[in-house]
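Trainee: Right, I'll just put the structure down here and ask away after.
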Amino acid sequence: MTPDQYCQDKAANSGSSFYYSFLFLPERQRKAIIALYAFCREVDDIVDSRSEPAIKQAKLHWWRSEVDALFKGNAQHPVGQALMPVIKQFNLPQEQFEEIIDGMEMDLQQNRFDSFKDLNLYCHRVASVVGLLSAEIFGYRDRKTLKYAHDLGMAFQLTNIVRDVYEDARRNRIYLPQDELQRFKVSESDIIQGRSSDNFIALMKFQIERAQQYYDKAMAELPEGDRYTQRAGLVMARIYQTTLDEIVADEYRVLQHRIKLPPLRKLWLAWRTLRQEKHRYKKWLRLNPVHS
């Protein structure tokens, strides 16, 4: 199995919504983003495993050394080997890969967040940094696109927190800020034991509204001329926002089950979004012929 095949299998078998946004990219970009995604899956799977904390820490430490080896041109892991040409082709910075590992280590060191300010740093490391790396792979003309990529990553992670609140609690992780739990009079035991209430629903509405604000902010920051090159992120946004819509339609019952869109619906959302973005891009080119 080649390094690229390893990454492809890692991405396809994950069942993640991200995979559907990669399918329609040109081959060079698709291989690159799948290799990046496989890296994120490798380190995230370490944190989510049932291993002892010391073993998880040792594995993340190994990945730090692997990132160092990657940027020196002698990666050992199939994911590292797949990333070697990618970091050169797209000029990806080493410190951002290290920052993703920093975020994973936060999961080992803390399982509660006092305030949204504290949660913000975690979201930046595990999601916004991935968004910034992805933007480099997709390409852009205007540096404002990096602001879009950062805030879209925040929106994705906040969506994950809402969707996975009960699943995370079963692992003794509560990402909802402690001061917000207190404000809405929701206890940790309510979440851990799956007890919904009007207060919990109000808390979820607040969390979804904040996630939506980040989606809105990201879209406002994305320059029109870079929309089509960043179309994979727009596909993901459509899938993730549809997931939030389904949570609302399901009356916020995230403590009872995890909302998941079926693969066929994700594929349809991806196709529809790409079709709309292609029409929008053609219209933009007619109005801006110098860029065609």
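Trainee: Treating only the Cβ of Lys, Arg, Asp and Glu as charged (+1, +1, -1, -1), what charge dipole size does the range 1-108 show about its Cα centre? Round to the nearest 20 debye.
Mentor: I would put it at about 420 debye.
Trainee: A further question on this structure: How many percent of all Cα-Cα pairs in the chain sit more than 27 Å apart?
Mentor: 42 percent
Trainee: Something else now. May I ask you to list the trypsin sites (Lys or Arg not before Pro) in the range 142-216 that are in a DSSP loop and have at most 12 other Cβ atoms within 10 Å of their Cβ?
Mentor: Of the trypsin sites (Lys or Arg not before Pro), the ones in loops of the range 142-216 whose Cβ has at most 12 other Cβ atoms within 10 Å are Arg143, Arg170, Arg195.
Trainee: Let a ≥ b ≥ c be the square roots of the eigenvalues of the Cα gyration tensor of the range 1-95; is it rounded (a/c under 1.5), or, if not, prolate (a/b larger than b/c) or oblate?
Mentor: oblate
Trainee: Given axes a ≥ b ≥ c from the Cα gyration tensor, I'd like to know whether the range 100-177 is rounded (a/c under 1.5), prolate (a/b larger than b/c) or oblate.
Mentor: Taking the square roots of the gyration eigenvalues as a ≥ b ≥ c, the range 100-177 is prolate.
Trainee: Please list, in chain and number order, the residues 5+ apart from Ser17 or on another chain whose amide H is under 5 Å from its amide H, with Hs placed from the backbone.
Mentor: Residues meeting the criterion, in which the H sits 1.01 Å from N, do not exist here.
Trainee: Could you work out the helix-only [θ] at 222 nm for the chain, with each DSSP H run of four or more residues adding -39,500 (n - 2.57) and the total divided by the number of residues, to the nearest 500 deg cm²/dmol?
Mentor: -23000 deg cm²/dmol
Trainee: Can you find, among Ala155, Ile239, Gly103, the residue sitting farthest towards the positive end of the charge dipole of the chain, where Lys and Arg contribute +1 and Asp and Glu -1 at Cβ?
Mentor: Result: Ile239.
Trainee: List the relative contact order of the range 1-117 as a percent without decimals, with contacts defined as Cα pairs under 8 Å and 6+ residues apart.
Mentor: Worked out over the range 1-117, it gives 29 percent.
Trainee: Toward the positive end of the charge dipole of the range 110-281, about the Cα centre and with charges on Cβ (Lys, Arg +1; Asp, Glu -1), which of Val186, Leu274, Leu176 goes farthest?
Mentor: Of the options given, the answer is Leu274.
Trainee: Between His61 and Val248, what is 0.36 nm times their sequence separation minus the Cα-Cα distance? Round to one decimal in nm.
Mentor: 63.3 nm
Trainee: Could you give the nm distance between label points at Glu188 and Lys278, where each point is 7 Å from its Cα heading toward the beta carbon?
Mentor: 5.1 nm
Trainee: Let me ask something else about it. At 7 Å along Cα-to-Cβ for each site, give me the label-to-label distance between Arg112 and Arg28 in nm.
Mentor: 5.1 nm
Trainee: Still on this structure, please answer the following. Farthest toward the dipole's positive end in the chain, which of Pro263, His77, Ile87, given Cβ charges of +1 (Lys, Arg) and -1 (Asp, Glu) about the Cα centre?
Mentor: Result: Pro263, furthest along the dipole toward the positive end.
Trainee: Which value results when the Cα radius of gyration for the range 110-239 is divided by 2.2 N^0.38 Å?
Mentor: 1.14
Trainee: Size of the range 196-274 along its principal axes in angstrom, Cα-based, largest extent first?
Mentor: For the range 196-274, the Cα spread along each principal axis is 45, 29, 13 Å.
Trainee: From the phi angles alone, apply the Karplus equation (6.51, -1.76, 1.60; θ = phi - 60°) to the range 129-141 and give each ³J(HN,Hα) in whole Hz, x where the residue is Gly or Pro.
Mentor: Taking θ as phi minus 60°, the curve returns 5, 5, x, 5, 5, 5, 4, 5, 5, 6, x, 7, 9 Hz for the range 129-141.
Trainee: Work out the length of the dipole vector of the range 174-292 about its Cα centre, built from +1 on the beta-carbon of each Lys and Arg and -1 on the beta-carbon of each Asp and Glu, and round it to the nearest 20 debye.
Mentor: 840 debye
Trainee: Taking the Cα centre of the chain as origin and charging only Cβ (+1 Lys, Arg; -1 Asp, Glu), how large is the dipole, in debye to the nearest 20?
Mentor: Charge dipole, the chain, about its Cα centre: 1240 debye, nearest 20.
Trainee: Shifting gears a bit: Using alpha-carbon positions, what is the distance between the centroids of the range 258-292 and the range 159-180, in Å?
Mentor: Taking the Cα centre of the range 159-180 as reference, the centre of the range 258-292 is 31 Å away.
Trainee: With each pseudo-label sitting 7 Å past Cα toward Cβ, what's the Arg171-Ala54 distance in nm, one decimal?
Mentor: About 2.2 nm, to one decimal.
Every number here is computed from the coordinates shown, using simple stated rules; none is lab data. None of these values were measured; they are calculated from a predicted model. Neighbour counts are summed over all protein chains in view; Cβ atoms, including those assigned to glycine, are modelled from backbone coordinates with ideal geometry.
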